[in-house]
2 protein chains.
Amino acid sequence: MTARTPDSARDIPEATVARLPVYLRALTGLAEDGTTTCSSEELAATAGVNSAKLRKDLSYLGSYGTRGVGYDVEYLRYQIAREIGVTQDWPVVIVGIGNLGHALANYSGFRSRGFRVVALLDADPSRHDEVVAGLDVRSFEDLESIVAEHDVSIGVIATPAVAAHAVAERMVAAGITSILNFAPTVLSVPDGVDVRKVDLSIELQILAYHEQRKAVSPGSEDVS
Amino acid sequence: MTARTPDSARDIPEATVARLPVYLRALTGLAEDGTTTCSSEELAATAGVNSAKLRKDLSYLGSYGTRGVGYDVEYLRYQIAREIGVTQDWPVVIVGIGNLGHALANYSGFRSRGFRVVALLDADPSRHDEVVAGLDVRSFEDLESIVAEHDVSIGVIATPAVAAHAVAERMVAAGITSILNFAPTVLSVPDGVDVRKVDLSIELQILAYHEQRKAVSPGSEDVS
DNA sequence: CTCGTTTTGTTCTCCCGTTCACAAACTCCT
DNA sequence: AGGAGTTTGTGAACGGGAGAACAAAACGAG
């Protein structure tokens, strides 16, 4: 079943992919502190995971450590960055410049990690004279030309829920193949398009569930 | 091993807990459309999951459906809301009123789902004269008194990374037992305190990884 | 050169979650 | 009343990830 792509077919488990950015950040922190070498134990502690899990995760990328010594911080950092793809620059479009869109446009963590916001779009004409984070807010009608011009493949949806699906469809039609969706809606997209969803109120509801259980049966919390 | 809490010990799997809010939202949507009854197939399609998984998830709560008929939308909605705990009101404190804090304070999805923002705190005195979403931005020094006054158990951290850990420790000391962390930092907290992390740039990096793989070997995307 | 120490990379086992498949149960029609 | 058609709830197989444990490899001391 896995014999479609014979070489370079390192199919890294999804759970590992989700942790690689965490390791990347931990390594950046170590590098800034002047650390040049670290053991899996140290790095795992910094990243907040088990050291065995960390070593297994890294082993999917290759053998970048030295037994008896550890990992070279800068070297490993580059290898992970290359594997994720953040050594190159990813142009990003943000649609929906409300409160959340503002925050995302101004978020410095994107730029510093290889993501460049190339355009801010909003369907509301009254927002089009605004300048946010040094960029003009432009009409949603400009989506296609912007995507074509900057070769954008990643789009961020920060619109109200009702608008999200129409925005997603038009993004896909324009050639975008990865969507980060902040609207509380289920998006159905064609195969080949990836969607990740961030839902703020769902996170709070999960916390509320556990909080409620703490109140009912205190002490049965730290079992797992 | 499971015989610690004899009754009411419905230990709902974590994966199921994370989906219950999704079902809740789907049911609310159906109810607004005037639907009074739905099958697991319909609800699953609305929520974007497999129908067998939906039925198994719901079975952890009890038998709230009718064979041959389906589920009563309003009844099931109430049961899930009660299980999660969103039938009651949860007071919430937000610390760090920058761009993201603004967006969170104004987010209407919290209020409509049983969460009430009772205070906005920031360490920067120059922000203390601001009014955001109808609330005064107050000093972080007021944390303890606010938590005590409103019986707050949920805190949201929207500060820069460097401040996050100190904020978390003080929250825990003040009596908060659930934290939603937007800062890109690993928080270590005592047992009994739940932390959920939302990291915007990590989500984008995961998308970038898949995007990069699409470019290298197109077609090996829709395997899984 | 050899031996002991350290740390990685990997194997093995266990557990959680997903999915299939089917029996139980309910409704509707004749 | 009885049978056909639906839909839930659940038992069982399956796959993937987490963690423990260990062998392989590198370094340093004597």
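The values are calculated or read from the model by the stated rules, or taken from the named source; none is laboratory data. Keep in mind that what you see is a predicted model, and the values were worked out from it rather than measured. Virtual Cβ from ideal backbone geometry, glycine too; neighbours counted across all protein chains shown. Surface accessibility is based on the protein's heavy atoms, side chains included, excluding ligands, DNA and RNA. Shrake-Rupley method; radii C 1.70, N 1.55, O 1.52, S 1.80 Å.
Remarks
- Computed about the Cα centre, the dipole magnitude for the protein assembly as shown is approximately 1200 debye when only Lys and Arg (+1) and Asp and Glu (-1) carry charge, each at its Cβ.
- Cα-based Rg of chain A normalised by 2.2 N^0.38 Å, two decimals: 1.21
- The fraction of all Cα pairs in the protein assembly as shown landing in successive 20 Å bins from 0 to the largest distance is 22, 57, 21, 0, given as whole percents.
- Inter-chain neighbour count for B:97-109: the average number of beta-carbon atoms from partner chains within 10 Å of each residue's beta-carbon is 5.
- Cβ-Cβ FRET estimate between B:ALA15 and A:TYR75, R0 fixed at 56 Å, reported to 0.05: 0.95
- Positive-end extreme of charge dipole, the protein assembly as shown - chosen from A:ILE97, A:LEU143, B:GLY29 (charges on Cβ): B:GLY29
- Between the residues B:ALA18, B:ALA52, A:ASN181, the greatest Cα displacement towards the positive end of the dipole of the protein assembly as shown, with unit charges on the Cβ of Lys, Arg, Asp and Glu, is found for B:ALA52.
- Global geometry of the stretch B:90-202, whether rounded, prolate or oblate, following the gyration tensor of its Cα atoms and the 1.5 cut on a/c: rounded
- B/A buried area, accessible surface, summed, 1.4 Å probe, Å²: 6000
- On a per residue basis, the stretch A:97-224 carries 44 Å² of accessible surface, using protein heavy atoms and a 1.4 Å probe.
- Using R0 = 45 Å, the C-beta based FRET efficiency linking B:HIS150 and A:VAL162 works out to 0.85.
- Debye intensity ratio I(q)/I(0), log10, the stretch A:14-83, q values 0.23 Å⁻¹ (C-alpha model): -1.00
- Percent carbon-and-sulfur accessible area, chain A, ignoring ligands, DNA and RNA, probe 1.4 Å: 50
- When each of the peptides B:18-24, A:189-195 is scored by the mean number of other C-beta atoms lying within 10 Å of its residues, the order from highest to lowest reads B:18-24, A:189-195.
- Highest-first arrangement of B:39-52, B:128-141, A:83-96, where packing means the average Cβ count within 10 Å: A:83-96, B:39-52, B:128-141
- Inter-chain Cβ neighbour average for residues A:179-190, partner chain, 10 Å: 3
- Full-stretch length increase - B:ALA215, B:ARG116 - with 0.36 nm per residue and alpha-carbon distance subtracted: 31.1 nm
- Shown in residue order for the stretch B:110-121 are the 3J(HN,Hα) couplings computed by the Karplus curve 6.51 cos²θ - 1.76 cosθ + 1.60 at θ = phi - 60°: 6, 3, 6, 10, x, 10, 10, 6, 9, 7, 10, 10 Hz (x for Gly and Pro).
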